[in-house]
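Engineer: Questions regarding the structure given below will be posed in turn.
The values are calculated or read from the model by the stated rules, or taken from the named source; none is laboratory data. Everything numeric in this text was worked out from a predicted model, so none of it was measured. Every residue, glycine among them, receives a Cβ derived from its backbone with ideal geometry; neighbour counts consider all protein chains shown. Each accessible area value is taken on the protein alone, full model and side chains, heavy atoms only, with ligands, DNA and RNA left out. Shrake-Rupley method; radii C 1.70, N 1.55, O 1.52, S 1.80 Å.
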Amino acid sequence: MTLHKWVVGFVLAVIMVSALFVNALLFSSRNFQFNLAQMAPATNGVISVDHLLETDAQIDAIQKESADQRGGLIQIERQLSTISAETEAEETRINTARAEIAGDVATIEARTGEPVAESAALLDAPALQGRIQALAARPNLPPA
């Protein structure tokens, strides 16, 4: 008798779990259908598989038509990012060189008694050129 009760209990448990699963599936599908009807009232919540397949075929055709353009665009974007990285590296190298030149000019100005520019200043090319020319115009500037 105990085996019989266990089997009946097991079968009832399987039936209840199955009923809960089917109920959850039906609720989810009705909820989806309601939301679809809210978003696209013309569909009345019904999806046409034929229309979906037709739309999928159109999407595939558009992707095939635009594949060359998208590939070219990706290639251009890669070239642009490479050029941008190279430009940033060159700007960094130029700024480093300017800073070194400005430091050297400041050192020479300090040794000659010229007033040294206070800001890291005058790192731009015209200002550095003016400072260098002022030092070069100074008479009796020792070569050291």
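Engineer: Keeping the other protein chains in place, figure out the carbon and sulfur percent of the accessible area of the chain, with a 1.4 Å probe.
Structural biologist: On the way: 7710 of 12010 Å².
Looking at the chain in its full context, I get 64 percent from C and S.
Engineer: Related question: Just the number please: accessible area per residue for the chain, 1.4 Å probe, all protein chains included, in Å².
Structural biologist: Using a 1.4 Å probe on heavy atoms only, each residue of the chain averages 83 Å².
Engineer: Then there is this: Cα axis of helix 125-137 to longest principal axis of the chain: angle in degrees, 0 to 90, nearest 10?
Structural biologist: 20 degrees
Engineer: For the chain, calculate the relative contact order in percent as a whole number, restricting contacts to Cα pairs under 8 Å that are 6 or more residues apart.
Structural biologist: Value for the chain: 10 percent.
Engineer: Calculate, in nm to one decimal, what residue 44 and residue 31 gain on full extension: separation in residues at 0.36 nm each, minus their alpha carbon distance.
Structural biologist: Gain on extension, residue 44 to residue 31, equals 3.4 nm.
Engineer: If you don't mind, another one. Mind ranking 1, 16 by accessible surface for me, highest first, 1.4 Å probe?
Structural biologist: 1, 16
Engineer: Could you tell me how many degrees, from 0 to 90 and to the nearest 10, lie between the Cα long axis of helix 2-39 and the main elongation axis, the longest principal axis, of the Cα atoms of the chain?
Structural biologist: 60 degrees
Engineer: Measure nothing but the geometry: give the 0 to 90° angle between the long axis through the Cα atoms of 49-65 and the longest principal axis through the Cα atoms of the chain, rounded to 10°.
Structural biologist: Once rounded, the angle reads 20 degrees.
Engineer: Residue separation times 0.36 nm, minus the C-alpha to C-alpha distance between residue 140 and residue 90: what's the value?
Structural biologist: Result for the pair: 14.3 nm of gain on full extension.
Engineer: Ranked from the most accessible area to the least, with a 1.4 Å probe and all protein chains present, what is the order of 49, 11, 105?
Structural biologist: Ranking 49, 11, 105 by accessible area, largest first, yields 49, 11, 105.
Engineer: How big is the dipole moment of the chain about its Cα centre under a simple scheme where the beta carbon of each Lys and Arg is +1, that of each Asp and Glu is -1, and everything else is neutral? Debye, nearest 20, please.
Structural biologist: For this selection, approximately 700 debye.
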